[in-house]
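Report on one structure; see the data block that follows.
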Amino acid sequence: AGPGALAQDLTGRRVVISAGGTREALDPVRFLGNRSSGRQGWALARVAAARGADVVLVAANVDAPAPFGVRVVAVESTEQLRTAVHAEATGADVVVMAAAVADFRPDSVAGTKLKKGGAAEPSELRLVRNPDVLVELVAARPAGQRVVGFAAETGDAEGDVLTHARAKLARKGVDLLVVNDVSAGRVFGRPDNEVTLLDADGTATAVPAAGKDVVAAAIWDRVVGGLPVRA
Ligand code: CTP
Ligand code: CA
């Protein structure tokens, strides 16, 4: 490789990345959603492809063109994302869950538009919990596959951001957790990011505030180090 050439350290690796935010329908026109822009997931896909990986991006409601050389599978709901991620994860070396997955969905979806003044005018929303795709991935993880999770945390009376993140790492059983401190509300929709990488062994690595491509490169550096050497 010449000067400035990018390491091709993901050549021959298959990676699956979820990005964006899932939407849960209330009726044919309304949904419950979240503010995830999909930018960090896009950056992860772009950087992985540039480093030689075969990349699939499972994209929930992201309005952006596919990164060069990346296959995009568009989904809307958590159930669609779940089905697509599990299907693509088969045979993958790395699965990264960067998507903001809705924790809850309405317990029923109206088949017709909910109207003001109608008999079905809602006064309350009943929610049920969605399956945890990340936990399912970890449970089904084939030998050698690395599973990466994201966590947006705020410090509170129960503990600081890292305390919450360590608890989440243990609960989810992932190989790496990318932790965002969202206390100041600085993350959503911004081009830059500042994260801490938490390894399964408890090591915390701070990645200083930088563009999402730089953060993505730091995440891949960490993941590549943990990949099994191939025959
Ligand atoms: N995640 C998932 N399925 C869900 C919820 C979350 O796969 N139903 C994944 C996210 O993609 C992310 C990680 O789990 O990689 C952590 O998401 P987060 O919302 O921080 O964790 P939760 O377990 O939902 O905890 P919290 O109550 O703090 O939201
Ligand atoms: Ca959540």
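The values are calculated or read from the model by the stated rules, or taken from the named source; none is laboratory data. Just so we're clear, the structure is a prediction, and the values are computed from it rather than from any experiment. Using ideal geometry, Cβ is built from the backbone for each residue, glycine included, and neighbour counts are taken over all protein chains shown. Calculation scope for accessible area: heavy atoms of the full protein, side chains included, ligands and nucleic acids excluded. Shrake-Rupley method; radii C 1.70, N 1.55, O 1.52, S 1.80 Å.
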Given a cut-off of under 8 Å on Cα pairs at least six residues apart, what relative contact order in percent is computed for region 36-117? 26 percent
Identify all lysines with a Cα-Cα distance to Lys212 below 28 Å; exclude those on the same chain that are fewer than 8 residues away in sequence. Lys168, Lys172
To the nearest 10 degrees, how steeply does helix 212-226 sit against the main Cα axis of the chain, on a 0 to 90 scale? 60 degrees
Determine the sum of side-chain charges near Ala200: Lys and Arg each +1, Asp and Glu each -1, restricted to other residues whose C-beta is under 13 angstrom from that of Ala200. +4
Dipole axis of the chain (+1 Lys, Arg; -1 Asp, Glu on Cβ), positive-most option in Pro28, Gly91, Ala59: Pro28
So what's the angle, to the nearest 10 degrees on a 0 to 90 scale, between helix 78-89 and the longest Cα principal axis of the chain? 20 degrees
Spelling it out for Gly21: with amide H atoms placed in the peptide plane at 1.01 Å from N, the residues 5 or more places away or on another chain with amide H under 5 Å from its amide H are Ala60, Ala100
State the antiparallel share, in %, of DSSP beta bridges confined to the chain, rounding to the nearest 5. 40 percent
Suppose the Debye formula is applied to equal point scatterers at every Cα of the chain; what is log10 I(q)/I(0) at q = 0.10, 0.13, 0.15, 0.17 Å⁻¹? -0.48, -0.78, -1.02, -1.27
Over the chain, what percent of the accessible surface lies on carbon and sulfur atoms, probe 1.4 Å? 52 percent
Answer in debye to the nearest 20: the dipole magnitude of the chain about its Cα centre, from +1 Lys/Arg and -1 Asp/Glu charges placed on Cβ, is 480 debye
Mind giving me the nanometre distance, one decimal, between the label points for Ala64 and Arg190, set 7 Å out from Cα along Cα→Cβ? 1.6 nm
Determine the per residue accessible area of region 150-224 with all protein chains present and a 1.4 angstrom probe, expressed in square angstrom. 48 Å²
Residue separation times 0.36 nm, minus the C-alpha to C-alpha distance between Arg71 and Leu127: what's the value? 16.9 nm
Mean separation of Cα contacts under 8 Å (at least 6 apart) over the residue count of the chain, i.e. the relative contact order in percent, is 19 percent
Environment charge of Val47, counting only residues whose C-beta is closer than 13 Å and scoring Lys/Arg +1, Asp/Glu -1: +3
Whole angstrom only: what separates the Cα centroid of region 127-196 from the Cα centroid of region 34-92? 17 Å
